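Asks: My questions all concern the structure below.
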Amino acid sequence: MELQPNSFSPEQTTIWSFPDRGKWATHSGRYRGNWSPYVPRNLILRYSKPGDWILDQFLGSGTTLVEAKLLNRNAVGIDINPQSISLSETNLNFKCETQSKIFVRKGDATDLSFIKDDKIDFICTHPPYSNIIKYSTDINGDLSLLDEDAFFKAINKVAKEAYRVLKKGKYCAVMIGDKRYRGNIVPLGFTLMQKYLDVGFKLKEIIIKEQHNCKSTTKWIGVKRNFLMLAHEYIFIFYK
């Protein structure tokens, strides 16, 4: 197993693009909607140091925690979906030379009561984009089942908890994209950004990440339409 990318250079601008999504360690694109490991690798290297504690409030398939383990950071990841917990535990089951402490926990991103105030060094997370991809059918509290209004009520709680547990002077990185409804843009990205600003965060960076191999793109090729296909996501870097 290759534990590191063959070639890697940290990103230097606010435009990121990874045509090769990355397949080192246990990374793969089989879990729909997970982010390229190049994203958390860049973020972890830039906004944390070895031995720091990293939090991922939306664990998914465990991409962030795999990178934390490889980069000698401690980490805790939570997800409300038991299937995500099981998949992440499988993906984290590999040996490397680091001494990272990695914890996976079933939980709700809106309630981090098991973490005390000001304990986390860096938050690195990738929430669902409202109900674009539904990760379960009936799990109470699953944000991927919510329409925009309910989704952003929950995101407000997510942001409050992130602000509470993050140490002062540290960073929180969140990636999200927009969606369309009846041909018009629903600005999930900028609405989420405002929710985080409303709870006290400052905005350090807005990074534009180019999308590659999006499944929804192929169905529109050759179809007459009066809109452009979405091909970007936002990575917001917040500062406490």
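Asks: Over region 123-240, what is the relative contact order in whole percent, taking alpha-carbon pairs under 8 Å and six or more residues apart?
Replies: About 30 percent, as a whole number.
Asks: Additional query: Can you give the accessible area per residue of region 26-136, in Å², using a 1.4 Å probe?
Replies: Accessible area per residue, region 26-136: 42 Å².
Asks: With charges only on Cβ, +1 for K and R and -1 for D and E, what is the dipole size of the chain about its Cα centre, in debye, rounded to 20?
Replies: Magnitude of the dipole: close to 220 debye.
Asks: Could you pull the accessible area for E11 with a 1.4 Å probe, rounded to 10 Å²?
Replies: For E11, solvent-accessible area is about 40 Å².
Asks: Okay, next question. What size of dipole, in debye to the nearest 20, comes out for region 96-149 about its Cα centre when the only charges are +1 on Lys and Arg C-beta atoms and -1 on Asp and Glu C-beta atoms?
Replies: Dipole size: approximately 340 debye.
Asks: While we're on this one: Using all C-alpha to C-alpha distances in region 4-44, build P(r) with 5 Å bins and read off the rounded percent in each one.
Replies: Pair shares across the bins are 5, 21, 36, 24, 12, 2.
Asks: Which value, in debye to the nearest 20, gives the size of the charge dipole of region 1-133 about its Cα centre, when Lys and Arg are +1 and Asp and Glu are -1 at the Cβ?
Replies: The calculated dipole for region 1-133 is roughly 240 debye.
Asks: Let me ask something else about it. Give the residue from W53, S9, C124 lying farthest towards the positive end of the charge dipole for the chain; charges sit on Cβ (+1 for Lys and Arg, -1 for Asp and Glu) and the dipole is referred to the Cα centre.
Replies: S9
Asks: Another question, then. Show that you can apply the helix-only estimate: for the chain, add -39,500 (n - 2.57) for every DSSP H stretch of four or more residues, divide by all residues, and state [θ] at 222 nm to the nearest 500.
Replies: Computed mean residue ellipticity for the chain: -7500 deg cm²/dmol.
Asks: Give K49/K240; K116/K168; K101/K209; K116/K153; K101/K167; K49/K195 a once-over and call out the pairs whose C-alpha atoms are over 21 Å from each other.
Replies: Pairs exceeding the cut-off: K101/K209; K116/K153; K49/K195.
The values are calculated or read from the model by the stated rules, or taken from the named source; none is laboratory data. In this text, all values refer to a predicted model and were calculated from it rather than measured experimentally. Every residue, glycine among them, receives a Cβ derived from its backbone with ideal geometry; neighbour counts consider all protein chains shown. For the accessible areas, the whole protein counts, side chains as well, though only heavy atoms, and no ligand, DNA or RNA atoms are used. Shrake-Rupley method; radii C 1.70, N 1.55, O 1.52, S 1.80 Å.
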